[in-house]
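Everything on this sheet refers to the single structure shown next.
Laboratory data are not the source of any read-out in this text; all were calculated from the coordinates shown. Computed from a prediction, not measured in an experiment: that's the story for all the values here. Glycine also receives a Cβ, built like all others from the backbone with ideal geometry; neighbour counts cover every protein chain displayed.
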Amino acid sequence: MKFTHEFITDRIVRIRDLSYTAMYLVLGDRKNVLLDTGIGIGDSRKYIKDVLDKDVDEVILTHGHLDHASGAILYQDLPIYMHENDRDLMNEHVFNKENRIDYTRNTLSMIKVDHEDFTEEDVLDGLSSDHTLPLKDGDEFDLGGITLQAIHTPGHTQGMTMILFKEDRIILFGDGCGVGVLLVEDCCSTVEEYRKTLLKVKTYEDRYDRIIRNHGTCESPKELLDNVIDVCSDILEGKDDHIPSSAPISCDYPVFMAKETDSNRRRLDGKEGNIIYAENKIR
Ligand SMILES: [Zn+2]
Ligand SMILES: [Zn+2]
């Protein structure tokens with residue numbers, strides 16, 4: 001199997017693909033929505049049909065990166081929503097099959113999962129972002145018994161959108177805030193701008209109890225948000241650990257990790273939340 005899944009509530013299914021990136025299937029009384037589509041290797045729609053016995057009715061992409069938007073072609077007959085700011089980024093990412101294959105192979109070797117291998121035939125074509133419908137801050141999706149609200153959170157990318165599961169009091173931070181937020185690429189905000197986004201997220205803090213993400217453990221304690229806001233402040237005041245680091249993508253500027261970690265990427269002070277940033281992405 002190229003996918004695995006777990007129910008994280010009776011209405012939300014976390015599905016991981018070969019790149020170990022999670023997508024989320026949200027089951028409403030009236031319709032089902034898929035949040036993100038993975039790296040686009042293997043047929044997630046067939047998996048959802050055959051294994052979960054569910055249909056997907058709509059798709060929301062949290063952002064345009066290769067590990068989230070590359071499977072979108074499987075759903076091109078359905079409405080696919082994504083913030084307009086990520087349209088160019090999505091096209092840069094999803095049509096580059098070599099990058100997607102490298103990303104998947106690197107992840108598989110890094111997490112040392114004895115997973116089914118894949119062939120070129122499993123690698124889907126990219127879908128142009130022309131097929132996407134605009135996703136705007138505040139948009140609500142009423143699935144029946146579960147309502148999703150989009151929160152535009154520029155930072156990791158300019159179109160990055162978090163999703164609030166209103167009744168369930170869960171928020172999907174996606175790649176927008178986590179254990180190693182990347183502010184390295186051209187599409188990323190500066191730390192200064194990103195901090196403002198996190199302060200906006202803070203205004204939603206009384207509406208959720210659980211944070212879910214798309215990578216690694218996919219779960220974080222609620223302190224994560226405050227921790228990453230503090231990391232931003234430390235960087236801006238020149239008080240972070242400023243550890244020379246490498247970017248997972250090519251970058252013309254020196255890259256730093258804000259807080260020192262052990263070999264498992266855990267912060268030495270035990271707190272969760274970190275930022276990897278390029279020197280030109282501070283202010
Ligand atoms: Zn991303
Ligand atoms: Zn990602």
What does the extension gain come out to for ARG207 and ASN96, with contour length at 0.36 nm per residue minus their alpha carbon separation?
36.1 nm
Using θ = phi - 60° and the Karplus curve 6.51 cos²θ - 1.76 cosθ + 1.60, what whole-Hz ³J(HN,Hα) does each residue of the stretch 264-281 get, with Gly and Pro shown as x?
9, 6, 8, 4, 5, 7, x, 7, 9, x, 8, 10, 10, 9, 8, 4, 8, 10
Environment charge at LEU199 (Cβ cut-off 14 Å; Lys +1, Arg +1, Asp -1, Glu -1)
-1
Only Cα pairs under 8 Å and at least 6 apart count here; give the relative contact order of the chain as a rounded whole percent.
14 percent
Percent of alpha carbon pairs in the chain separated by more than 33 Å?
17 percent
With helices defined as uninterrupted DSSP H runs, which ones in the chain have an alpha carbon span along their own long axis of at least 15 Å and mean Kyte-Doolittle hydropathy of at least 0.0?
224-236
Could you tell me the largest-minus-smallest coordinate of the C-alpha atoms of the stretch 137-283 on each of the three principal axes, in descending order and whole angstroms?
48, 30, 25
For SER220, enumerate residues with amide H under 5 Å from its amide H, sequence gap 5+ or separate chain, H modeled in the peptide plane.
ILE211
Would you please give the FRET efficiency between HIS131 and ASP186, computed as 1/(1 + (r/R0)^6) with r the Cβ-Cβ distance and R0 = 30 Å, to the nearest 0.05?
0.80
Going 7 Å from the Cα of ILE249 toward and past its Cβ, which residues in the stretch 80-110 have a backbone nitrogen under 15 Å from where you end up?
85-104
Under 10 Å from the Cβ of LEU61, count the other residues' Cβ atoms, weight Lys and Arg +1, Asp and Glu -1, and hand me the total.
-2
In percent, what relative contact order does the stretch 5-138 have, based on Cα pairs under 8 Å that are 6 or more apart in sequence?
23 percent
Based on other C-beta atoms within 10 Å, arrange GLU185, GLU98 from fewest to most.
GLU98, GLU185
